[in-house]
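Here the structure is laid out as C-alpha cells; the discussion comes afterwards.
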C-alpha cells in the first residue's frame, strides 16, 4: 500500500514540475508574443506573390512613407523613459531609435515574404486563386433572366437584354 502512495506522490510531483515548465515557458514567450504575431501575420496572412509585384512597380515608396509616419507618430506618442534608446551599447535619440525599430520590423516583414515565396512553408504559404471578375459576371448569377413577370423601365415584360 505504501508503494501505491509513493507512486501517487511521484505523479503529483511530475504534474507539478510540468506545470512549472509550462509557467516558465509562458514567462519566456510572453514578451516575444507581439513579434511572433508580427512574423505570423506577414508569413501566413499576406499573399506575397501578389504583393511583391506591387512593391516592384513603386509600392515601396508607399511603404517608405508609412515607415516615416510610423517613426514620427511612435516617437511622439511613446518617448523612451530615460530620454534615450540604448541599442547595442549605443545611446540614440528618440526618433533615431524608433527609426531603427521600424526599419527592423519592415525588414522582418520582407524576410517573411521572401521565405513564403521560396516555398519554405509548403502548403501553408499557398493561397487559392480567386475567380476573375469576368468569370463571376458570366456565371449567370448576375442576370435577371428568371422571368419574374415584372416590367422594366422600357416596358419589357420579364426579360432584360444583356450585351455579352
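If you model region 8-69 as an ellipsoid using its alpha carbon gyration tensor, with each semi-axis the square root of five times an eigenvalue, the axes come out at 46, 13, 4 Å, biggest first.
For region 40-58, the residues whose backbone nitrogen is under 14 Å from a point 7 Å from the Cα of residue 105, taken along Cα to Cβ, are 40-42. When restricted to Cα atoms, region 1-116 yields an Rg and a Dmax of 22.8, 77 Å, respectively. Distance from the alpha carbon centroid of region 67-83 to that of region 92-114 works out to 13 angstrom. The gain in end-to-end length when the residue 96 to residue 127 segment is fully stretched comes to 7.4 nm, 0.36 nm per residue minus the alpha carbon separation. In this calculation the C-beta distance from residue 66 to residue 26 is compared with R0 = 25 Å, giving a FRET efficiency of 0.15.
None of the figures in this text is laboratory data; all of them are computed from the coordinates on show. None of these values were measured; they are calculated from a predicted model. Cβ sites come from the backbone with ideal geometry, for glycine too, and all protein chains shown count toward neighbours.
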